[in-house]
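We did not get these values from a lab; they are worked out from the coordinates using the rules stated. Just so it is clear, the structure is predicted and the values come from calculations on it, not from any experiment. Note: ideal-geometry Cβ built from the backbone for every residue, glycine included; neighbour counts use all protein chains shown.
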Amino acid sequence: MSKGTLLVLSGSSGVGKSTVIARVMAQRSNLYFSVSFTTRPPREGEKDGVNYYFVTREEFQQRIDRGEFLEYAEYVGNLYGTSMAVIREKLEEGMDVLLDIEVQGAAKVRQRMPEAVSLFIVPPSFEELSRRLHDRGTDSEEKIQQRLETARREAKEIVNYDYIVVNDAVEHAVEEILAVLTAESCRKEKRLHVLEGV
Ligand code: 5GP
């Protein structure tokens, strides 16, 4: 059996990443969503063990000390980290694994697991991102400007990713991610077993 594909997905705040991910997950039974650890408090409706494992800074630090994380990073004052053990196990079982992580974490994953495939979701334009953040109506103007500034900074990292997914409409973005997954599963390295016995 060949190993699964490790898919790393990043995208700036407001780009609609969570909606896209939920749709992708619903369409692929062979895809496992990696639940991260975080020190951020849960938002309304978020469940421990589903969206994140919500832990204290002390517990997070203990996990760092035990070397449990494939990567971790600080983002807007909170720590976020990906546990190595579950990912290894799923990939060995032949499942594809999806990580939803920010740019510093993605860079670490590319270093430690060069076989990972990375995708960055972008809005159709910067103006559109600004419009979406304003339309959401959840943040103050100051907060929106901060998010846009972060998005500009993060955009500099995009060249290091393998694929750029444009979220002009959710179904297009979903289609593009599924296409990447399908193409990656057809790589010859993953298909050599068909030659056995030839
Ligand atoms: P939020 O607090 O909005 O759920 O997530 C904030 C940012 O943290 C998002 O960009 C998300 O992709 C990123 N993130 C979530 N889990 C991880 C993780 O395990 N590692 C890293 N490096 N970033 C993460």
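Please give the peptides 189-198, 103-112 ranked by average Cβ packing (other Cβ atoms within 10 Å per residue), highest first, as a rough proxy for protection.
The packing order, highest mean first, is 103-112, 189-198.
What is the spin-label model distance, in nm, from THR56 to SER18 if the labels are put 7 Å beyond Cα along the C-beta direction? Using points 7 Å along Cα→Cβ, the separation is 2.6 nm. When the C-alpha to C-alpha distance is required to be over 22 Å, the pairs from LYS17/LYS188; LYS156/LYS190; LYS156/LYS188; LYS3/LYS188; LYS17/LYS156; LYS47/LYS108 that qualify are LYS17/LYS188; LYS156/LYS190; LYS156/LYS188; LYS47/LYS108.
Relative to the current alpha-carbon distance between ALA26 and GLU127, full extension at 0.36 nm per residue lengthens the span by 33.4 nm. Of the beta bridges DSSP finds with both residues in the chain, what % are antiparallel, to the nearest 5? Taking every DSSP beta bridge with both residues in the chain, the antiparallel ones total about 30 percent.
Take every pair of alpha-carbon atoms less than 8 Å apart whose residues are at least six positions apart; their mean separation over the length of the stretch 18-108 yields a relative contact order of 32 percent.
Could you tell me how many degrees, from 0 to 90 and to the nearest 10, lie between the Cα long axis of helix 126-136 and the main elongation axis, the longest principal axis, of the Cα atoms of the chain? Roughly 70 degrees, rounded to the nearest 10.
Counting each pair of different Cα atoms once, what's the Kirkwood radius of the chain in Å, rounded to one decimal?
Over the chain, the inverse of the mean reciprocal pair distance is 17.9 Å.
Look at the dipole of the chain built from charges on Cβ: of SER83, PHE37, GLN145, the Cα furthest out on the positive end belongs to SER83.
Normalising by the residue count of the stretch 43-198, find the relative contact order in percent from Cα pairs under 8 Å and 6+ residues apart.
Worked out over the stretch 43-198, it gives 16 percent.
Projecting the Cα positions of SER125, THR56, LEU7 onto the charge dipole of the chain (unit charges on Cβ atoms of Lys, Arg, Asp and Glu, taken about the Cα centre) puts LEU7 furthest along the positive direction. The gain in end-to-end length when the HIS172 to GLU92 segment is fully stretched comes to 25.8 nm, 0.36 nm per residue minus the alpha carbon separation.
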